[in-house]
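One structure follows; several queries about it will come next.
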Amino acid sequence: MCGIIGYIGKDNSVKHLIEGLRALEYRGYDSAGAAFFDNEGRLCSVKAAGRLANAEAKLTPLPDSTCGIGHTRWATHGAPSDTNSHPHGTESLRLVHNGIVENYAAIKTELSDLGYTFESDTDTEVAAKLLDYYYMKEKLTAHAAIERMTSRLVGSWALGILFADAPDTIWAARQGSPLIIGVGKDEHYIASDITAILRYTKDYYQLDEGEIAKVTRETATVYKDGKEVIKELKTAHWDIEAAERGGYAHFMIKEINEEPAAIRTTLHSRIKDGLPYFSSDGFDTKIFARISRVHIVACGTAMHAGLIAKGVLGSLAKLPCEVEIASEFRYNDPLIGEHDLVLIISQSGETADSLAALRLAKEKGAATLAIVNVIGSSIAREADAVLYTMAGPEIAVASTKAYSVQTALLYLLSVEAALVRGKLDLDAAKMRVTELYERVPEAVAEMIARENEIKAIAEKIAPNEDLFFIGRGADYYLAAEGSLKLKEISYIHSEAYAAGELKHGTISLVTPGVPIIALCTVPRLYEKMVSNIRETKARGAETFMIASADTGVADGTADHILRLPAISAELAFLPAVCALQLIAYHAAAARGCDIDKPRNLAKSVTVE
Ligand code: F6R
């Protein structure tokens, strides 16, 4: 999604803007731009469709400047083009915007009647011209004009604003889209994402809903409803190394390699005397004895992590669990109330649909819990309780380590729920926790060490345009994630199917050579899976089996077999998903795809 960076200090602002925008590229974008004051105090703008390099070329040689704002745009209103890129504005001001102005059409008509003309198709230009109206025509102060303008908008925004007559100030505002103010020595930043400024500072103020900030070289003053608000200075715990590729070809493969350590870090403080321990998170797990149902609500990969939890909560804790797509949940009038726990899973903590689902759940009186990776993100702050995954920054658009830590944490939480509900004895719980903490990271590392074997499989499937992932039980849920990962980065069309369902229609698409990736990590379902694999083989499919270490596989069951490291069936999903991630990665690499920045995708989906 869109990214914002701003700099004011003694250094060259344009250099900081370019570096900040480069750090934000991972979020997904299709054009970039910047506004800055030159050394004669003139307000200048540069913008270009396409990669950041296009805007950068227009900014070379670096103009002398100590104050500026920059933006990467992910098109919503209007195609990617130079004109639609941000900043937008007038002679008197420039503005960059993350979010969506929903009522832009009505305001545009109103401004057109007042004589304003519009060059772009964007909602942002409407906001910029509305601000110009209050500043230039109604002669309000900068602060009052921003207040008036934002009071008229419906939607979400993080804004960075420069006024032509104030070359020593950046204004910022937030409603529904994240924005922070970075604090350096004699310099300040604004950024939509901490990774944009980590290279320079870890100290920041977080803007809250409805706040407006005036940022100068020396000061950052935050206002809400016209009154100054004292903000707490926070320190980011992520290192710049964590947000850099560190010698790997792509962030995605770096992040897969980080999985074993990330799983341990996420679990470490939540295990005491060999048992789950959530007291230091401030989450009272006794709630599992009171509630009648868990609703897991999330999007994409995070939703697939929820599917794994649904299986484990059911089998270990005998707790009914629904998994719902956040964008559906919010409009389906969900039947939830005080006997339900709504669990939101989100890496970014800013996904618009997941955040809206959380708000709806609270409105309906359900207890809410969030599993989130980004500290201080909106979902983390608004849920009744939060369990942070500790994966460090996830930069690749394709989520990998976030899924692994989410599912590992959800498994631990399910063991705790089972204990609280009296469905598991202490020894059985300890055995599971030990395997989760000791064996799972090792098994994932063993899978990664076999990257070349997995790459060979990926290269076999890479030339195809269609394939199927099949599985039963937890393997069906894994298939969903394997299929999503492959689609999003390699652009190979694939479908995840419950293996037994294929013959109810879709097997008509299985023709000679179509690859079938069959997940067989659940021993009790193995024989059934073998029958389903044979059905596809009989139609000429090229079959790939991902099987647990101890399953006896008869010769000829599948054309290719990848054995998982030794691990219990309940936890096999973790090394198995790692194999699926590596298949997607190497298939995309073999097809020459832009792995970290797949087309049309954004890292953090802050629009509906
Ligand atoms: C896929 C992917 C997306 C996200 C989804 C939710 O690789 O990354 O499907 O999982 O957009 O994002 P978060 O977890 O940030 O809410």
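So, in the stretch 377-404, how many residues would count as being part of a helix (DSSP H, G or I), within 11 Å of the ligand (Cβ to nearest atom) and over 20 Å from Pro575 (Cβ atoms)?
Result for the stretch 377-404: 2.
Looking only at the stretch 84-129, which residues are crowded, with 24+ Cβ neighbours inside 10 Å, in contact with a Lys or Arg (Cβ under 6 Å, 6 or more places away or on another chain) and modelled with pLDDT of 95 or more?
Answer for the stretch 84-129, where residues must be crowded, with 24+ Cβ neighbours inside 10 Å, in contact with a Lys or Arg (Cβ under 6 Å, 6 or more places away or on another chain) and modelled with pLDDT of 95 or more: Pro87, Val126.
Out of the stretch 513-552, which residues are hydrophobic (A, V, I, L, M, F, W, C), in a loop (DSSP other than H, G, I, E, B) and modelled with pLDDT under 95?
Scanning the stretch 513-552 gives Val522, Ala538, Ala549.
Quick check on my filter: what residues within the stretch 297-350 are part of a loop (DSSP other than H, G, I, E, B), near the ligand (Cβ under 10 Å from one of its atoms) and touching a strand residue (DSSP E or B) at 6+ places or on another chain (Cβ under 7 Å)?
Cys299, Gly349, listed by residue number.
Out of Arg73, Arg94, I need the residue that is touching a residue at least 24 places away in the same chain (Cβ under 8 Å) and within 20 Å of Tyr116 (Cα to Cα). Which one? Show your work before the answer.
Details: Arg73 fails: within 20 Å of Tyr116 (Cα to Cα).
Result: Arg94 is the single residue among Arg73, Arg94 that is touching a residue at least 24 places away in the same chain (Cβ under 8 Å) and within 20 Å of Tyr116 (Cα to Cα).
Taking the stretch 375-392 as the search range and keeping residues that are crowded, with 23+ Cβ neighbours inside 10 Å, in contact (Cβ under 8 Å) with a residue 60 or more places away in the chain and not polar (S, T, N, Q), which one is farthest from Glu209 (Cα to Cα)?
Ala391
Okay, moving on. Only one of Gly50, Gly89, Gly70 is more than 24 Å from Ala164 (Cβ to Cβ), out of contact with any Phe, Trp or Tyr (no Cβ under 7 Å at 6 or more places or on another chain) and in the same structural domain as Ser156 (by TED's automatic domain parsing); which?
Within the list Gly50, Gly89, Gly70, the selection yields Gly50.
Does the stretch 216-237 contain at least one residue that is surrounded by fewer than 16 Cβ atoms within 10 Å (Cβ to Cβ), under 20 Å from Ala391 (Cα atoms) and in contact (Cβ under 8 Å) with a residue 12 or more places away in the chain?
Checked the stretch 216-237: at least one residue is surrounded by fewer than 16 Cβ atoms within 10 Å (Cβ to Cβ), under 20 Å from Ala391 (Cα atoms) and in contact (Cβ under 8 Å) with a residue 12 or more places away in the chain.
Quick check, is Ala588 over 30 Å from Val415 (Cα atoms) and crowded, with 24+ Cβ neighbours inside 10 Å?
Yes.
Then there is this: Do we find that Thr66 is in contact with an Asp or Glu (Cβ under 9 Å, 6 or more places away or on another chain), surrounded by fewer than 24 Cβ atoms within 10 Å (Cβ to Cβ) and at pLDDT 95 or above in this structure? So that I can check it myself, show each step before the final result.
Numbers: in contact with an Asp or Glu (Cβ under 9 Å, 6 or more places away or on another chain): yes; surrounded by fewer than 24 Cβ atoms within 10 Å (Cβ to Cβ): yes; at pLDDT 95 or above: yes.
When the stated conditions are applied, Thr66 passes them.
Can you confirm whether Ile181 is at pLDDT 95 or above, over 23 Å from the mean Cα position of the chain (by Cα) and among the β-branched types (Val, Ile, Thr)?
Values: at pLDDT 95 or above: yes; over 23 Å from the mean Cα position of the chain (by Cα): no; among the β-branched types (Val, Ile, Thr): yes.
No: the conditions fail for Ile181.
While we're on this one: From the list Leu564, Leu580, exactly one residue is away from the ligand (no atom under 16 Å from the Cβ) and under 21 Å from Ser494 (Cβ atoms). Which is it?
Going through Leu564, Leu580 in turn, just one is away from the ligand (no atom under 16 Å from the Cβ) and under 21 Å from Ser494 (Cβ atoms): Leu564.
Give the residues of the stretch 380-395 that are over 22 Å from Tyr277 (Cα atoms) and at pLDDT 95 or above, sorted by residue number.
If the condition is that a residue be over 22 Å from Tyr277 (Cα atoms) and at pLDDT 95 or above, then no residue fits.
Take the residues of the stretch 351-374 that are more than 14 Å from the ligand (Cβ to nearest atom), free of Cβ contacts under 8 Å to residues at least 60 places away in the same chain and not charged (D, E, K, R): which is surrounded by the most Cβ atoms within 10 Å (Cβ to Cβ)?
Only one residue tops the list, namely Thr368.
The values are calculated or read from the model by the stated rules, or taken from the named source; none is laboratory data. Predicted model, so just to flag it, every value in this text is computed and none were measured. Ideal geometry is used to build each Cβ from the backbone, glycine not excepted, and the neighbour counts take in all protein chains shown.
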